[in-house]
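Just so you know, all these numbers are worked out from the coordinates, no wet-lab data involved. All values reported here derive from a predicted model rather than from experimental measurement. For neighbour counting, all protein chains shown are included, and Cβ atoms are generated from backbone atoms with ideal geometry for every residue, glycine included.
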Amino acid sequence: MNTKIPKKKSAKPLLDSKRKRTKKVGKKRKKNQIIAKNQNSSLHKKKKQRRKKKATFVKMLRTTLLQLIIAIIIVGLIVYALSFFLFSVPKVSGYAMMPELANGDRLFVNKLETIKRFDLVVLKANKQRDLSVRRVIGMPDEDIYYKNDQLYIDDTFQVERYLEKPLKDAHQDSMLLTGDFTLNQISGAKKIPEKKYLVLGDNRRYSTDSRNYGLVEDTDIIGVVRMRWLPLQSMKSF
């Protein structure tokens with residue numbers, strides 16, 4: 001009896017299949033590497049662009065801030081320079097102008113305005129040359145006197161409307177708000193000389209003014225009060 005011996009299968013097809021799989025895996029790996037490289041490159045570019053944008057923004061912000069600071073300094077210097085010639089913003093010190101002005105009020109003062117009767121003015125008074133606010137009562141070439149709480153200018157009675165309430169309160173207490181005096185008593189003159197003014201505080205019983213230190217030179221007057229701007233709730237123009 002003849003027995004057939006089975007032939008062994010060739011290993012070549014297996015090797016070819018293995019090579020194909022290896023080659024396929026290699027191509028896929030290479031493709032993935034290329035994709036990853038491209039992704040990394042794209043990510044790097046995006047990061048670089050973001051850094052560039054951030055650097056540009058920071059540079060622009062610094063430039064803007066620098067320009068703003070320079071502008072503020074220039075404006076501040078201009079305002080400071082103008083304040084010597086055009087205006088000032090002093091603070092009220094004391095209670096001589098109550099009830100019109102209170103201690104600590106901030107004012108806007110026009111240095112170029114012509115002085116008129118009953119204007120509030122900022123002036124350098126007394127030996128210490130302290131800044132104070134007073135009301136102009138007497139003008140150059142006028143005769144001034146007070147009698148029974150009434151102001152007379154060249155023998156003509158003048159109404160002081162800003163003293164309406166203080167006068168009423170004083171008279172209710174049977175007191176004078178402004179003690180009697182004449183121009184001659186406080187200055188030795190019959191008329192107020194040129195370039196001089198008689199000033200009084202509205203708080204007449206407690207104010208230090210021309211009754212104490214005499215007439216005020218026009219060169220000692222800083223300017224005319226045109227506004228109280230602080231406190232805001234009491235803002236008022238004069």
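General observations
- Most tightly packed first, judged by the mean number of other beta-carbon atoms within 10 Å of their residues, the peptides 185-192, 134-141, 89-96 read 134-141, 89-96, 185-192.
- Whole-Hz couplings from phi, Karplus 6.51/-1.76/1.60, listed for segment 209-219; x for Gly and Pro: 8, 4, 5, 9, 10, x, 5, 10, 5, 5, 6
- Relative exposure of E160, E194, E217, judged by other C-beta atoms within 10 Å (fewest first): E194, E217, E160
- Cα convex hull, segment 178-238: 114 Å³ per residue, rounded to a whole number.
- Order of K165, K195, K111 under a 10 Å beta carbon neighbour criterion, fewest first: K165, K195, K111
- Rg of the Cα atoms in segment 88-237, relative to 2.2 N^0.38 Å, amounts to 1.01.
- Cut-off under 5 Å, modelled amide H: who pairs with G223 long-range: V122
- Packing rank of 80-88, 118-126, 98-106, where each peptide gets the mean count of other beta carbons within 10 Å, highest leading: 118-126, 98-106, 80-88
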